[in-house]
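Working notes, beginning with the structure itself.
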Amino acid sequence: MRRKFGNLLIVLGVLCILCAVFLVGRNFYYEYEAGKYIDNILPRLQSKISEATVNSENEEAAPQENVAVIDGNLYIGILTVPSLGLELPILKDYSYANLNIAPCLYSGSYETDNMVLAGHNYRRHFSLLRTIAVGTEIDFTAVSGDVYRYRVTLVEILEPTQVDYLVNKEEEWDLSLFTCTLSGATRCVVRCVREA
């Protein structure tokens with residue numbers, strides 16, 4: 001009886017280890033695919049932004065739209081954190097599927113100074129947010145070519161249930177970036193004010 005119970009525990013232990021290896025491998029795969037996607041999309045989005053800038057200098061050009069369409073996905077611009085070497089396309093529509101490929105607009109807008117961006121804790125997304133310092137410069141280049149400059153004023157950890165506080169416009173933040181902490185139990189939130 002003891003031997004059967006011991007064997008059952010060994011089998012259960014091996015199954016748990018295999019499940020853990022599968023989950024870790026799956027996360028690495030998604031992170032790898034997201035990096036490839038960003039490497040493919042970023043130059044194409046930069047090209048569209050350059051074209052929009054050139055067209056806006058032409059007086060006869062049509063008014064600029066606030067999205068760029070690439071491979072059926074809508075992008076609102078590029079987020080750049082020079083001190084972290086981070087440059088990311090930002091998807092307009094937040095969804096779990098979109099979040100697996102690039103950071104997304106979670107709520108608000110750069111035009112109304114209440115933009116909230118969500119990204120996974122992937123190395124090519126927002127994993128470095130936990131290391132960012134107050135005073136760090138962050139730029140957002142809209143698809144129109146307009147550049148919005150922000151300065152980090154606060155880095156905080158929030159519970160997943162604090163959604164109302166995360167998107168609260170009554171506070172003085174013009175841009176908020178968030179991602180899961182390493183444990184996934186809380187959110188790292190970077191708050192910024194607009195400078196230009």
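The values are calculated or read from the model by the stated rules, or taken from the named source; none is laboratory data. Just so it is clear, the structure is predicted and the values come from calculations on it, not from any experiment. In this analysis, Cβ positions are derived from the backbone assuming ideal geometry, glycine residues included, and neighbour counts consider all displayed protein chains.
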Report task. May I ask you to list the residues in region 107-161 that are modelled with pLDDT under 90 and among the aromatic types (Phe, Trp, Tyr)? Result -> TYR122
Report summary line: Subset of region 1-46, residues among the small types (Gly, Ala, Ser) and closer than 30 Å to LEU74 by Cα, comes to GLY25, ALA34, GLY35
Query raised in the report: Among the residues of region 82-108 satisfying the criterion of being without any contact (Cβ under 8 Å) to a residue 12 or more places away in the chain and of a type in the set (Ser, Thr, Tyr), which is farthest from ALA142 (Cα to Cα)?
Result: TYR96
Query raised in the report: If you go through region 175-196, how many residues are farther than 18 Å from LEU88 by Cβ, in contact (Cβ under 8 Å) with a residue 40 or more places away in the chain, of a type outside the set (Lys, Arg) and surrounded by 13 or more Cβ atoms within 10 Å (Cβ to Cβ)?
Result: 2
Query raised in the report: Residues ILE70, ILE90, ILE78, ILE101: which one is more than 12 Å from the chain's Cα centre (by Cα) and either β-branched (Val, Ile, Thr) or at pLDDT 90 or above (or both)?
Result: ILE70
Query raised in the report: For region 73-111, which residues satisfy the criterion of being within 17 Å of TYR122 (Cβ to Cβ), small (Gly, Ala, Ser) and surrounded by 21 or more Cβ atoms within 10 Å (Cβ to Cβ)?
Result: ALA102
Report task. Return a yes/no flag: does region 159-174 have any residue that is surrounded by 13 or more Cβ atoms within 10 Å (Cβ to Cβ) and within 25 Å of PHE28 (Cβ to Cβ). Result -> no
Query raised in the report: Which condition breaks for LEU154 when tested against (1) closer than 26 Å to TYR30 by Cβ; (2) aliphatic (A, V, I, L, M); (3) loosely packed, with under 15 Cβ neighbours inside 10 Å?
Result: (1)
Query raised in the report: If you go through region 115-128 one residue at a time, do you hit one that is more than 13 Å from the chain's Cα centre (by Cα), surrounded by fewer than 20 Cβ atoms within 10 Å (Cβ to Cβ) and assigned to a loop (DSSP other than H, G, I, E, B)?
Result: no
Query - Hey, SER56 at pLDDT below 75, part of a helix (DSSP H, G or I) and surrounded by 10 or more Cβ atoms within 10 Å (Cβ to Cβ) or not - result: yes
